[in-house]
Amino acid sequence: NAGVTQTPKFQVLKTGQSMTLQCAQDMNHEYMSWYRQDPGMGLRLIHYSVGAGITDQGEVPNGYNVSRSTTEDFPLRLLSAAPSQTSVYFCASSTPGQNEKLFFGSGTQLSVL
Amino acid sequence: GNSVTQMEGPVTLSEEAFLTINCTYTATGYPSLFWYVQYPGEGLQLLLKATKADDKGSNKGFEATYRKETTSFHLEKGSVQVSDSAVYFCALGPRVKGYSTLTFGKGTMLLVSP
């Protein structure tokens, strides 16, 4: 009963490095999304996908890329990490019939030095 | 645009105390309203929801009523437990077919002591 799985749980990067945050769900959900959580800011949507091959930008997309080649996976790529990207990142999935009921992963805590 | 305003925390209570966490919203149209809860080290999970005016959402002893006239959706619980210590997020989303994004408040931390 895995649900939404995110890896890694913790990551430290140097400015300019690239990395990919992984997200996988086993509930056959069509919708997937990435959020960042910053102190005093709540959750902000980075990118989302309504199905394999379809992605779109959220509120704060700059500096991040996504792709959705399968229903299960929705990786988030940081091309050139910046200290402003230090945050906790959450992946979430949902179904078209109940797209407001988001199922969240346990998060990735990222520090960019 | 849409926005959600929550009371700032932390809210510190003793076990069995009454809880209220205030939430007000600004939105176009008639959104659905939600409360999500985040326990330490975990992702958010849906606690309760209400989809139209005067609806009351309830779950695990928590309640919230959709008040259109005051644009509010305050979270209440009659007797909190230590296990309720978490961060609570109020959110709203448009009622549309297909994908819709949720607008979250900044979250309110609740700390319950024995």
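Looking at (1) within 14 Å of another protein chain (Cβ to nearest Cβ); (2) in a loop (DSSP other than H, G, I, E, B); (3) of a type outside the set (D, E); (4) open to solvent by 40 Å² or more (accessible area, probe 1.4 Å), find the lone condition where A:G97 falls short.
(2)
Within region B:60-75, how many residues turn out to be farther than 17 Å from B:L110 by Cα and open to solvent by 10 Å² or more (accessible area, probe 1.4 Å)?
Number satisfying all stated conditions: 6.
Out of curiosity, is B:L33 surrounded by 20 or more Cβ atoms within 10 Å (Cβ to Cβ) and within 14 Å of chain A (Cβ to nearest Cβ)?
yes
Only one of these is open to solvent by 70 Å² or more (accessible area, probe 1.4 Å), under 21 Å from A:L43 (Cβ atoms) and not β-branched (V, I, T): B:P94, B:P40. Name it.
After applying the criteria, what remains is B:P40.
Which one is farthest from A:Y89 (Cα to Cα), of the residues in region A:21-53 that are surrounded by fewer than 14 Cβ atoms within 10 Å (Cβ to Cβ) and in contact (Cβ under 8 Å) with a residue 24 or more places away in the chain?
A:N28
Of all residues in region B:10-24, which are open to solvent by 20 Å² or more (accessible area, probe 1.4 Å), within 14 Å of chain A (Cβ to nearest Cβ) and under 25 Å from A:E100 (Cα atoms)?
Those that are open to solvent by 20 Å² or more (accessible area, probe 1.4 Å), within 14 Å of chain A (Cβ to nearest Cβ) and under 25 Å from A:E100 (Cα atoms): none in region B:10-24.
The values are calculated or read from the model by the stated rules, or taken from the named source; none is laboratory data. Since the structure is predicted, the reported quantities are computational estimates derived from the model, not experimental observations. No Cβ is skipped: glycine too gets one built from the backbone with ideal geometry, and neighbour counts run over all protein chains shown. Remember, those area values only see protein heavy atoms, side chains included, never the ligands or the DNA or RNA. Shrake-Rupley method; radii C 1.70, N 1.55, O 1.52, S 1.80 Å.
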